[in-house]
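Novice: My questions all concern the structure below.
The values are calculated or read from the model by the stated rules, or taken from the named source; none is laboratory data. It should be emphasised that the depicted structure is a prediction, and the values quoted were computed from it without experimental measurement. Note that we place each Cβ from the backbone using ideal geometry, even for glycine, and neighbour counts take in every protein chain shown.
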Amino acid sequence: MEEYLLAFKQPASTLRYSAVQRSDFEPVERTGSAVTVVPQPVATLPQVGTEAVTVRDVCKSFGATAALRNCSFTAHSGEIHAVVGENGSGKSTLAKVLGGVLAPDSGVVEIVGLTPTSPVSAQKIGVAVVFQEILLADNASVLDNLYLGQDGLFRAKTSRRNKRTDAAELLNRLVGTRVDLDQEVQALTLNVRQWIVIARALLRKPKVIVFDESTAALDYESVERFFEEARRLRDEGVCVLIVTHRISELTGFCDRATVLQDGTNVGTLKGEEIVEKRLLELMSSKTVVEANEEPEPPVTGSRIAQETSEERLTVSGLKLSSKARPIDLAFRTGEIVGLAGLEGQGQVKFIRAVTGITRPASGRIQVRRQTSAQTIGSARSADRAGIAYVTGDRKAEAVFPNLSVLENFGILGYRRGARFGFINRRQVKDTYNHQVEDLSIRVGRASASINSLSGGNQQKIVIGRALAATPVILALNDPTRGVDIGAKHYLHELLRRLAEQGMTVLFLSNEIEEFIGLCDRVVVFREDAVFDTLVDEQIRGETILAAMFGYAEQSAKPDDPVQ
Amino acid sequence: MPELSRATSAAKSFARRQTSLVTPTVLFAILFILAAIRGAGLLTANGVDGALIGAAPVLLATLAITTVAIAGPAGVDLSIGPAMTLINIEIVIELPKAGITGPIAVFACAIGLGIALQVLMGLIIAFLRVSTVVVSLALYLILDGFNTVLLPEPGGSAPGWLANWGSETRLMSPVLYTLIGSFVLWTLISRTTLFRNIRLMGADARTAYASGVRLIPTRIGAHVITGVFVGLASIMYTGLLGSADPTAGTSYTLSAVTALILGGASLAGGRAKGLGAVLGAMDIWLISYVLGTFNFGLNASYWVEVATGGVLVVALLVGAFLANEHLGHGWAGRMLRGNRSH
Amino acid sequence: MEILAKVRGLLSEQGRAALAGVVLFVLVIIGVVTVNGFWSLVNLRATLLIASFLGIATIGQCLCALVGGLDLSIAFVVGAANIGLLRLVNGGIPSGFAIVIILLVAAAVGGVSGAISSHQRGQTLVVTLGVGTAVLGLVQILVSSASVSGGTVEGTVPGWLQGLTSLNSPIFVAPCVVVWLVLAALTIVFLRRTWVGRGLYAMGGNQRAAERALVPTRTLWVVVFSLSAVTAAAAGMILLGYTGGGYSGVGDPYLFTTIAAVLIGGTSLVGGRGGYGLTVLGVLILTVLQTILSGFSLSAAAQEAILGLLILPLVALYVRSPHPRMQI
């Protein structure tokens, strides 16, 4: 506790950061570098401990889907309060409601006693929200983006020079390196872009700040700095809300954690209660029932033994970019192979090359069936060779919002099954019914709009249509994004079943935990090439993470210096 | 030296951001040389004067629709031609009936009417969230029809001080003054935070919204600015025409839109520049000037159409190539963008 | 809340058809009541004939709207085909050949528009405007002789072409109307039952997802604009039979009326929603409206203004974008 008090005795202009935890925990000390801070006048912040955010019986629905159901929750100033839940639990909707972007259908939302009705009023009240989607104006400069919305109608609130100084100090500290304030943001990496939206919120000196999944786009070192920043804000009396589904980050970091499920608050944990186990218990308290309702896909026998499996997909000399090392990989029937890597390290490029969506710089991809070998050069040739692609980014790449459930399903197979250009409706309907049953898709009328389905069921439609083409290789790109825990488990079981039946499965995911227990091996990508392949017992969270950072399993030394 | 490197990097990023101006500038150079070769008279004082007068209405009309194009989305304002015609009719026929003929009053009324029309459009676009092109299409039809109903045949004559702008021979004419005044006004306006917010709103409306930019006032503001320049363009047009004509002005829609595109504007919003609009308008005018120096006889206007359409398409292709929006990884685009890879 | 639900229900396919049908019905009633001789065989046949010109020209616009584009070159292609055909026929080329040539050239022109705009979808309006203007100018230059400007072309129109649009045909309606109905049926079936047709809807709904679903988006975009020019050319050639003389400006009204008809019928300009059946209703509504307004002795100018006033509320219904807050 003493170190904690000591920090405040230093002059305000220079603070040595001692991120000391509250007395409940074992003290963990971490020191940051000495920095200059723009002092926050304490008088404008509500007293530490007062209720800063009040949400009472808030309901919000989008059409048939209820995102928030009588949700009630409170947060205090001077605390780090996590809002936790699976995808679809309503946490992002809550963030939007707090930010004034969405108005609740009913209930009370109060921030320091006032209700935000629009982003403008929310800012006046003193709420800043960093939304899940990184909102930047691409062809504007970094500086313009940082002060977006702050100026009045005709004159700026702060002079341009002051803006520059404040922005430079803050941003350079957060990012860790100097950022050119005049360049256009579209040229910057995802990490820097995320920092810019965070900095934008910080520059407003808010009383309440909400971070919606802000660590997802940050690289490893940045996440540490993020935590430091959050603690600093907390220490200054700001109410820090962290909306996330990455519960492993929360232990030992937040003061309280509220768990949302299906739009309601199922419980709040305090201090040392915040451990993964308890959070998981709370998060699945409702879906345990639902998960039990999901029928298990029939498990038919054991995996095809390695000896009887054959090579299905070969990748030779594949260069994902002109300067990358060539990749040589072979995938066998009955295998589930995980593809992992830090952001932009080539695993997405790889899967897109294999499915023919993009052309690699050079190399050859071949699919072998019995006697023939087909080379992949385009999405159509991949489809003909028996490769199916399933994406997790449904909204961008898979779902047609203007079409019905049946059409969303059938569109992939229309051309293939067409007779003289005419769609074979009978065949489409039969295949649809078959897949709906097989995958236990919860759907009403087939002619209803696709928007009437939940995220998980929409994903099942996408998977079903891929499977309807009877592929021999299934390539999935982050398929469990935005899908609830029950559907996630179902998908894993489905993949196991398909592999047992001989399918080759490529499974790209950003959540390392998914690989464990599912994949036969995990291929880790770095710099557009294969860095390491992990098999059997090597497939653990730590080893995969280490590989992503350049620590190969074979050697103890890092492959190249971590920047 | 950190200041020097900062300055050079700022200059470099500034230059890189001006890629949209490459097309109209290059085009201008080509056309200017052609024009000078074909008609040496252009380079005399008389020639420049004539050029100014001829190009002025298109210039101002293009500048007018630039703001709406920046505000996005799909910011093509098709109503500019009929709007100019309506104000023209007002200046020549209707206002004198009410005794309004003095320069200050006429300027005020023209600008006021321009603002009124634009704000009407702006309110519909802002509150109903309908794209500009469709609303302006409706307004085009309404105004075009209304103009002919209001004045079936060309006629009348502009107020005295305005009537002989077209036959001015001195360089320092009211035409030049009005043009310079308009440019100064534009420069001042483009430095306001309102204008910056318009640009940001046009580039990404939801980001602007989430960051606290008030979309509706900003959009109305964009239309007010446009309205001012619509009024100025109409005055210039009336000065050149000397009378009122119910249909001659509609061609300004096509000319202004073409000039806007030639000037490098992207209809998606957030990108157009005033300088680009001016260059584009001059390119349009130069095309008809250069073609006028050939003796096409009956086919003169057709050749202008062919050239205008052709140049437009080529300009779009070149613009796409430079911006590397889709056409492969062109070396020119890479050079200008500093070799960043997607 | 119920109002919103009702409006949303209106926006479904059936809702739009119902709304358009009701509007048409109301207009016909108004016509019968206010205009003398409205409810007569003569008027009915004349209305259908006029509608068929617009209807054929609008097929292409409907397809373009479905994929999220707009073709502003239709008016110019109509005019170019109009004077082009007469010039070819007068030049000694048999009319059958001449028609085929014009259609092929139109397909090529549309293909060029499509190819250029497929790279920059946002600039489609401007590309088609530019291509259309250039093509019409070019054709006018080619068609004009030493003494006569290319704007009007004198000559003899083939008899059978005139017969196509004649109201004195043995069957109930002018043959041209039958041509339109056949084309309409083909288009509707094409859009509903073929993989290409559904592919267009997919493209309009989600471009990238369509590519993933192996819809050849780039090719189809070009095909759609090519078809648009072909139908515009067909309309232009048919109009030659109707007016009896070549005039390059004959297509001018079609610049905006094709867009209006598509909109009035309820096809969204954003893409993916609507269809040609709805567009037929839109064409009929527009034509009946024009007949009524003519019956009021309203000048063409006044009719134009009223058309503009009509488009506004429709646009408010069918071409709205969601509030930015829904896209965060």
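Novice: Looking at (1) under 23 Å from the mean Cα position of the chain (by Cα); (2) in a loop (DSSP other than H, G, I, E, B); (3) farther than 21 Å from A:SER248 by Cα, which one does A:GLY502 not meet, given that it meets all the others?
Specialist: (1) is the only condition that A:GLY502 fails.
Novice: Suppose we keep only residues that are closer than 18 Å to C:ALA65 by Cβ and not in a helix (DSSP H, G or I) within the stretch C:195-216. Which one would you say is farthest from the other protein chains (Cβ to nearest Cβ)?
Specialist: Only one residue tops the list, namely C:VAL215.
Novice: Quick check on A:ARG368: is it of a type in the set (D, E, K, R), assigned to a loop (DSSP other than H, G, I, E, B) and either in the same structural domain as A:GLU311 (by TED's automatic domain parsing) or at positive phi (or both)?
Specialist: Values: of a type in the set (D, E, K, R): yes; assigned to a loop (DSSP other than H, G, I, E, B): no; either in the same structural domain as A:GLU311 (by TED's automatic domain parsing) or at positive phi (or both): yes.
So A:ARG368 fails the test.
Novice: I'd like the full set of residues that are of a type in the set (Phe, Trp, Tyr) and in contact with a Leu (Cβ under 8 Å, 6 or more places away or on another chain), limited to the stretch A:223-259.
Specialist: Within the stretch A:223-259, the subset of a type in the set (Phe, Trp, Tyr) is A:226-227, A:253.
Hit for the stretch A:223-259 is A:PHE226, nothing else.
Novice: Look at A:ALA122 and say whether it is more than 10 Å from every other protein chain (Cβ to nearest Cβ) and in contact (Cβ under 8 Å) with a residue 12 or more places away in the chain.
Specialist: On the way: more than 10 Å from every other protein chain (Cβ to nearest Cβ): no; in contact (Cβ under 8 Å) with a residue 12 or more places away in the chain: yes.
Judged against the criteria, A:ALA122 is not a match.
Novice: Here's something else I'd like to know. From the set of residues in the stretch B:122-146 that are among the small types (Gly, Ala, Ser) and assigned to a helix (DSSP H, G or I), which is nearest to B:GLY221 (Cα to Cα)?
Specialist: Top of the filtered list is B:GLY122.
Novice: I would also like to ask the following. Show me the helices (runs of 4 or more DSSP H) entirely contained within the stretch A:147-260 in which 3 or more residues are among the basic types (Lys, Arg), over 19 Å from the mean Cα position of the chain (by Cα) and not assigned by TED's automatic domain parsing to the domain that holds A:GLY341.
Specialist: A:160-175, A:220-235
Novice: Only one of these conditions is not met by B:LEU63: (1) surrounded by 24 or more Cβ atoms within 10 Å (Cβ to Cβ); (2) within 14 Å of chain C (Cβ to nearest Cβ); (3) closer than 30 Å to C:PRO324 by Cα. Which number is it?
Specialist: (2)
Novice: Return the pairs, sorted by first residue and then second, in which the second residue is part of a loop (DSSP other than H, G, I, E, B) and aliphatic (A, V, I, L, M), the first residue lies in the stretch A:125-139 and is at the interface with chain B (Cβ under 8 Å from one of its Cβ atoms) and crowded, with 23+ Cβ neighbours inside 10 Å, the beta carbons are less than 6 Å apart, and the residues are 6+ apart or on different chains.
Specialist: A:PHE131/C:ILE328
Novice: Among the residues of the stretch A:448-478 satisfying the criterion of being among the polar types (S, T, N, Q) and over 16 Å from A:VAL390 (Cβ atoms), which is modelled with the lowest pLDDT?
Specialist: The selected residue is A:SER454.
Novice: Does C:GLY271 meet the test of being on the phi > 0 side of the Ramachandran plot and touching a residue at least 40 places away in the same chain (Cβ under 8 Å)?
Specialist: yes
Novice: Name the residues in the stretch A:421-444 that are closer than 20 Å to C:ALA202 by Cβ and either among the basic types (Lys, Arg) or at the interface with chain C (Cβ under 10 Å from one of its Cβ atoms) (or both), would you?
Specialist: Once the filter is applied, which keeps residues that are closer than 20 Å to C:ALA202 by Cβ and either among the basic types (Lys, Arg) or at the interface with chain C (Cβ under 10 Å from one of its Cβ atoms) (or both), the stretch A:421-444 yields A:GLY421, A:PHE422, A:ILE423, A:ASN424, A:ARG425, A:LYS429.
Novice: So, restricting to strands (runs of 3 or more DSSP E) that lie completely within the stretch A:49-109, which ones have at least 2 residues that are β-branched (Val, Ile, Thr), surrounded by fewer than 20 Cβ atoms within 10 Å (Cβ to Cβ) and out of contact with any Cys (no Cβ under 6 Å at 6 or more places or on another chain)?
Specialist: Passing ranges, in order: A:65-76.
Novice: Identify, please: which residue in the stretch A:403-420 is free of Cβ contacts under 8 Å to residues at least 12 places away in the same chain and more than 8 Å from chain C (Cβ to nearest Cβ) and is, among those, nearest to A:GLY444 (Cα to Cα)?
Specialist: Across the stretch A:403-420, the extreme among qualifying residues is A:GLY417.
Novice: When you go through A:ARG445, A:ARG481 one by one, which is the residue that is in a loop (DSSP other than H, G, I, E, B) and either modelled with pLDDT under 85 or surrounded by 20 or more Cβ atoms within 10 Å (Cβ to Cβ) (or both)? Talk me through it step by step, then tell me what you get.
Specialist: Values: A:ARG445 fails: either modelled with pLDDT under 85 or surrounded by 20 or more Cβ atoms within 10 Å (Cβ to Cβ) (or both).
Step by step, each of A:ARG445, A:ARG481 is checked, and only A:ARG481 is in a loop (DSSP other than H, G, I, E, B) and either modelled with pLDDT under 85 or surrounded by 20 or more Cβ atoms within 10 Å (Cβ to Cβ) (or both).
Novice: Scan the stretch B:231-246 for residues that are among the polar types (S, T, N, Q) and within 19 Å of the chain's Cα centre (by Cα) and jot them down.
Specialist: Passing the criteria: B:SER234, B:THR238.
Novice: When you scan the stretch B:147-249 for helices (runs of 4 or more DSSP H) that lie fully inside it, which ones turn up with 3 or more residues that are within 14 Å of chain A (Cβ to nearest Cβ)?
Specialist: Answer list for the stretch B:147-249: B:174-190, B:193-203, B:205-210, B:215-241.
Novice: Name every residue in the stretch A:379-402 that is in a loop (DSSP other than H, G, I, E, B), modelled with pLDDT of 90 or more and either more than 27 Å from the chain's Cα centre (by Cα) or more than 7 Å from chain C (Cβ to nearest Cβ) (or both), in order of residue number.
Specialist: Within the stretch A:379-402, A:GLY386 is the sole residue that qualifies.
Novice: Against the condition in contact (Cβ under 8 Å) with a residue 60 or more places away in the chain, over 18 Å from the mean Cα position of the chain (by Cα) and surrounded by fewer than 16 Cβ atoms within 10 Å (Cβ to Cβ), how does C:GLN162 come out, does it pass?
Specialist: Yes; evaluated as a whole, the condition is true for this residue.
Novice: State which residue is surrounded by the most Cβ atoms within 10 Å (Cβ to Cβ) when the search covers only the stretch B:281-307 and only residues that are more than 13 Å from chain C (Cβ to nearest Cβ) and of a type in the set (Gly, Ala, Ser).
Specialist: Ranking the qualifying residues of the stretch B:281-307, first place goes to B:ALA281.
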